[in-house]
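Read the structure below first, then the notes.
The values are calculated or read from the model by the stated rules, or taken from the named source; none is laboratory data. Predicted, not measured: the structure shown is a model, and the values here were computed from it. Note that we place each Cβ from the backbone using ideal geometry, even for glycine, and neighbour counts take in every protein chain shown. SASA here: full protein model, heavy atoms, side chains in, ligands and nucleic acids out. Shrake-Rupley method; radii C 1.70, N 1.55, O 1.52, S 1.80 Å.
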Amino acid sequence: MTQQDGFDRPELRKAIEEIVESGFLGVTLRVRDERGEWTGSAGVAELDGTATPPVDGHARIGSNTKTFTAALVLHLVAEGRIELDAPVAGYLPAFDLDGRITVRMLLQHTSGLFNFTGEVYDDGSTVHGVPVPYRATGRQWLDDRFHTYRPEELVRLALSKPARFEPGTGWSYANTNYVLARLLVEQVTGRSLAEEMRERILEPLGLSGTVLPDASPEIPRPHARIYYRYEQDGRQETADITRYNPSWVSTGGDMISTTQDLATFISALLAGKILPAPLLAEMCTPYATGLPGMDYGLGVFVQKTDCGDTLITHNGGNVGSVSLMYGTPDGGRTLTAVLNWVDDAGMSIAAAFPEAQRKLVHEVFCGRRAA
């Protein structure tokens, strides 16, 4: 167990140790609240190692990328360069998009567009997109994990499949929406998403540990390692997949960051330091998703805790790793964390993850009240 702060939080130490005991390889946690900042880690940074994960380590943050991207799009909305309720087709005519799909629908996941990483329908049927680390395409993803996809290729794949519903008539999470948001930013500004993100969000907030890798497999040090278990000739094998090309998910979840940068970002966002108040309010206005206790705004989930409080969040699952990012609506209290494990096509850790997530959220946002 590593603790890097000036005061003890035994309840948080116990929570992350119990998460490791439930089957996770390592956990890093950062909490900022009225008592100050607490950081700690438990477990190991690599298989057969003894060192705990670095509390200042880099990690692939998965769909937390969507919150950064939504904030960037809304920053351009604030400048009048993008209209939130304008048709996306007007900005990106090359894709022959349904003219009813607006920028808001992309950020809100109400466009109905097919998810290029695959769809699972209500009847249990699956339609595959690009190879992903899970289910039937897991081994193909592993073998092709350094392949480069371009954003336009992912969008065209999605558009070749039937939409899930008419634009604006439902909610369905789709990485396609945020790859289109990337292309929208690049079309409007004439610059790369990475350049715009650095200039408008990362540099003003001092987020020096945050990277937009595009197709690069590299991850800055320090970092914990991530792994993937698979079967080869009847034997169980484990591959180190710390390095892989994240272009298969693109702006749906390709960014790299740290728990420190995530905490700074979500706190600044919710405190009104990135967007004007009316747009921040739009961002955090919940739209019903059908998920228990979790509605969606524009690039953020709006979640109810066990004790009835509201949190603004957008966690990011990635192969072998997940990054958590939570804040109170005023940004005054935050929880950011990274959990690593040995992954596999069958998602064997999936059953343990909701309890690990609930344990951390409860301890940070409800624990003192319950005590």
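Numbers for the structure displayed
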| item | result |
| --- | --- |
| Test: G129 is in contact with a Gly (Cβ under 8 Å, 6 or more places away or on another chain) and touching a residue at least 12 places away in the same chain (Cβ under 8 Å) | yes |
| Positions within the range 138-170 being open to solvent by less than 40 Å² (accessible area, probe 1.4 Å), part of a helix (DSSP H, G or I) and either free of Cβ contacts under 8 Å to residues at least 40 places away in the same chain or under 20 Å from A181 (Cβ atoms) (or both), in sequence order | P151, L154, V155, A158 |
| Of residues in the range 301-317 being of a type outside the set (G, A, S) and within 16 Å of A174 (Cβ to Cβ), the one surrounded by the most Cβ atoms within 10 Å (Cβ to Cβ) | H314 |
| Scan of the range 245-270 for residues that are in contact with a helix residue (DSSP H, G or I) (Cβ under 9 Å, 6 or more places away or on another chain) and in a loop (DSSP other than H, G, I, E, B), ordered by number | V249, G253, D254, M255 |
| Where a residue in the range 277-294 is assigned to a loop (DSSP other than H, G, I, E, B) and open to solvent by 70 Å² or more (accessible area, probe 1.4 Å) and its partner, wherever it lies, is at pLDDT 95 or above and not hydrophobic (A, V, I, L, M, F, W, C), with Cβ under 7 Å and at least six apart | T285/G297; P286/D295; P286/Y296; P286/G297 |
| In the range 319-345, the residues that are out of contact with any Gly (no Cβ under 8 Å at 6 or more places or on another chain) and open to solvent by 20 Å² or more (accessible area, probe 1.4 Å) | T328, P329, D330, G332 |
| Members of the range 25-45 found to be outside any strand (DSSP E or B) and under 22 Å from D330 (Cβ atoms), listed by number | E34, R35 |
| Hits in the range 241-276 - residues which are free of Cβ contacts under 8 Å to residues at least 60 places away in the same chain and touching a strand residue (DSSP E or B) at 6+ places or on another chain (Cβ under 8 Å) | T242 |
| The range 286-332 - residue that is touching a Leu at 6+ places or on another chain (Cβ under 9 Å) and among the charged types (D, E, K, R) and, of those, nearest to K273 (Cα to Cα) | D330 |
| The range 297-314, residues that are in contact with a Phe, Trp or Tyr (Cβ under 9 Å, 6 or more places away or on another chain), assigned to a strand (DSSP E or B) and of a type in the set (V, I, T) | V302, I312, T313 |
| Qualifying residue in the range 59-73 (condition: of a type in the set (K, R), open to solvent by 40 Å² or more (accessible area, probe 1.4 Å) and either farther than 27 Å from F265 by Cβ or part of a strand (DSSP E or B) (or both)) | no |
| Whichever residue in the range 47-101 is hydroxyl-bearing (S, T, Y) and in contact (Cβ under 8 Å) with a residue 40 or more places away in the chain and, among such residues, is farthest from R243 (Cα to Cα) | Y91 |
| Out of G80, G90, G23, G43, sole residue that is at pLDDT below 95 and open to solvent by 10 Å² or more (accessible area, probe 1.4 Å) | G23 |
| Residue tally, condition farther than 10 Å from H75 by Cβ and either in contact (Cβ under 8 Å) with a residue 24 or more places away in the chain or of a type in the set (K, R) (or both), over the range 194-203 | 1 |
